[in-house]
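None of the figures in this text is laboratory data; all of them are computed from the coordinates on show. These figures come from a predicted structure and were not determined experimentally. As a convention, Cβ positions derive from the backbone with ideal geometry for all residues, glycine included, and neighbour counts pool all protein chains shown.
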Amino acid sequence: MGVQGLTSYIENNDLLKSRAFRESKLIIDGSNLYYNLYFRSSLDQAHGGEYDAFKKVVSDFFRSLELCQIEPYVVLDGGDDISDKKFKTLKKRAEDRIKRTNALSRGRSGESLPVLIKNVFRQILRKLEVPFIQCIAEADWEAAALAKEWNCPVLSNDSDFYIFNINGFLPIAHFEWRRVRTHKKSGKHFLQTKCFSVNNLYAAFNIKQQLLPIFATILGNDYANLDKQLLPNWSKFSLCPGGTSRIDGLLRWLSKCQSPDEAIRKILSHITDPKDSAVVYKVLTQGLQDYRLTPSSIAQFFRSGAPQCRLPPPLQRLPQWFLKAMAEGRLSSILLDVLTLHRVTLNFAVQDFSLGSNNLTSRPIRQVIYGLMLAPRRRNNAAAAAAQRERFEVEEYDRQGLTLTSSKVVAILPRQVIPDVHLETLLEVPLHVRQQVFLDALCASQVPDRLLVPPSLQLAVYVTCYWLKHAQPEPRPEFFGALLVGLVYGELSRDLVTQKEVGSELKRLKRLKRRGEQTPLDLEAAHAFSQWQSSLKDSICLNQLLANPVPEPEYAWLYSGLFVHRVVRELRRGITPESLLAGAPDAMDLYHELRNAAELQLVGDMVQRMRVTAIQVQLSGSTARQDPMDNITNMFDHLRCEEEEDDDDDLLRRGEKGKGRKPGDDTADQPCTSRTRHKKRIGTKDPKSKKYERSSW
């Protein structure tokens, strides 16, 4: 939720107070956090995501908290509200995402979270051992209830937390986590922030806290939007004219009321039509309920691991293994929407909006997911026959051009025969059968044990083969080659031990990634890679639902948008993947393992079509007719020059380190900031406080 215009009013009227924050529990609005961390770190948005850089930002954030002895508890959104009160808002946000993502694809200003951001974020939290829960529904109320129960603040940018009766709200925009300070006398670390308390409003307006839900509901939030013509002109009560006069006037008017009932009676006295009066009364009383906090249903999860107990009726019969896996973030929250609403709203990546949606490529995978989720339990032969005849559908909200559209998608049971398949006993199905279900869905034949690639890359190989067979238009060979080189780079970079062992071999690829110049968006490549990421996202969802019959990889290292796009540029200049990896035997061996494994899954002449050679890529993408060896020499010379420049930069930074500090400074900066070497292509100075970019999958 979010209260319209409230954040600006609070900030412009000095209602936030400075605070040195340390040694406390902290409830974190997880969806809001990953949204803000990605956008405020100047990470690339146009090329599909910089997940490895995002991982470093998230790690730095929680390291700052640890240094200050702050105990984080992250609360993530789950499924959509089953009452459908918010559905109009969700559709409007989906339409906005299409427009903003299309703007990015055309080189204009826009915002777009990468497709896999929530998967990556949950996995990072798990690896860092940060306590977190994925809620059944939206997380705001649960986060506020837990904060009230534990008497600690909430970190978010959602303006609804100005309304809840909690012990402090810390807006992310004012949470200076990148600079850990040290108190001069005590030597203790702290973070400088700004804090809001309901007492601040009481001191300024003498308004009682129990009136704030009426205030928020009248202003309008994600659930309520009253007809302003039915209500008084609040601006006439304001003492500060301007854009926020309506908010100021409403606060001052409410400060004269002693209770919510009195406020509602006075408001209804201005309405003559009984029907309008009934509507306003219903909305205002519902608003009081929406903001009323009762004991949290997630505290027990953080204490004992037990999933939420207060569930809406459609979810009360779900098996415990499913609820526990959902709470632990080991299942996609979109599965809740499939069960309760038979409806999903898909994500939109940067792509060619004149072509079909990136989500169309992976629709067959989702159909199997729907089949597994919606298949009824067959207790006898007659029930089995009836279930086989019954048709289950899920309504998918996707794009057609720049328009949000919906279509009914048929749920499909996997071809592999599973007796009595249903959600309750899904984990009792033998591993080899669950594995076969996954392989059938991805049209793969080779089982993981025979794939002859590292377990951490097996899922990516299956997805890549699926993508080659299903993407429209068919991916170019240089896109295939760039993805494989990207997987090699990620695999060799993902842990410090491996980096030390092959450090010299990775140096050239790292220089390629860290080039200072901007990478123009290749829309054809962006569209192909958006289809690959959608296929990966849905494959992850299916794999998790089947209890990971294929090993779960580290998602942050499977795709780096800037890197693969820069590799495409090199391949289009006539340089082959083998040339890029020359002099790096470990990287070269891994590349050939991946290519061989992928080619075993391809049929017909696709193997030959996907062979990346200097002649092919020049004909398909490059207008230059240079000798390939000249291109290789020029590239290596360029990389050597970059290396020398980087060494000079490092020396300069070391020489400057420590300048500007005075003896006895009462603050000390800890190395908790994340720095990207590439220039920011498109960004935002002030990310929206609302969770426009909630990623369900």
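Using 7 Å Cα-to-Cβ label points, what is the Cys443/Tyr281 separation (nm, one decimal)?
6.1 nm
State which entries of Lys91/Lys194; Lys99/Lys537; Lys17/Lys85; Lys127/Lys184 exceed 24 angstrom in Cα-Cα distance in the structure shown.
Lys91/Lys194; Lys17/Lys85; Lys127/Lys184
Taking amide H positions as placed in the peptide plane 1.01 Å from N, state which residues far from Gly329 in sequence (5 or more) or on other chains have amide H under 5 Å from it.
HN-HN under 5 Å from Gly329: Gln134.
Could you work out the local net charge near Glu478, counting Lys and Arg as +1, Asp and Glu as -1, over the other residues with Cβ closer than 14 Å to its Cβ?
In short, +3.
Taking the alpha carbon gyration tensor of region 6-290, what are the square roots of 5 times its eigenvalues, largest first, to the nearest whole Å?
Value: 35, 25, 18 Å, ordered largest first.
Spelling out what I want: for every residue of region 43-58, take phi, set θ = phi - 60°, compute 6.51 cos²θ - 1.76 cosθ + 1.60 (Karplus), and round to whole Hz; glycine and proline get x.
7, 4, 10, 6, 9, x, x, 10, 6, 5, 5, 5, 4, 5, 4, 4
Please say if region 203-334 is rounded, prolate or oblate, where rounded means a/c under 1.5 for a ≥ b ≥ c the square roots of the C-alpha gyration tensor eigenvalues, and otherwise the choice is prolate for a/b larger than b/c and oblate otherwise?
Here region 203-334 falls in the prolate category.
Using modelled backbone amide H atoms (1.01 Å from N, in-plane), which distant-in-sequence or interchain residues come within less than 5 Å of Ile70's amide H?
Placed amide hydrogens put Glu23, Ser24 under 5 Å from Ile70.
Can you work out D for region 515-608 in µm² s⁻¹ from Stokes-Einstein, where Rh is the Kirkwood radius over C-alpha pairs, the temperature is 10 °C and the viscosity is 1.306 mPa s?
101 µm²/s
With the cut-off at 1.5 for a/c, could you classify region 109-152 from its C-alpha gyration tensor as rounded, prolate or oblate?
Since a/c reaches 1.5 but b/c is at least a/b, the shape of region 109-152 is classed as oblate.
Any idea what log10 I(q)/I(0) is at q = 0.15 Å⁻¹ for region 314-621, Debye with uniform C-alpha scatterers and no solvent?
Values returned for q = 0.15 Å⁻¹ are -1.22.
Cα gyration tensor of region 268-366, axes a ≥ b ≥ c as square roots of the eigenvalues: rounded (a/c below 1.5), prolate (a/b > b/c) or oblate?
Note, shape of region 268-366 comes out oblate.
Tabulate in residue order the Karplus-calculated ³J(HN,Hα) for region 343-351, using 6.51 cos²θ - 1.76 cosθ + 1.60 with θ = phi - 60°, rounded to whole Hz; enter x for Gly and Pro.
For region 343-351, the Karplus curve yields 8, 9, 10, 8, 8, 10, 8, 5, 7 Hz.
About the Cα centre of region 1-85, how large is the charge dipole given +1 on each Lys and Arg Cβ and -1 on each Asp and Glu Cβ? Please answer in debye to the nearest 20.
With Lys and Arg at +1 and Asp and Glu at -1, about 360 debye.
Apply 1/(1 + (r/R0)^6) to the Cβ-Cβ distance of Lys256 and Glu66, taking R0 = 45 Å, and write down the FRET efficiency to the nearest 0.05.
The formula returns an efficiency of 0.45 here.
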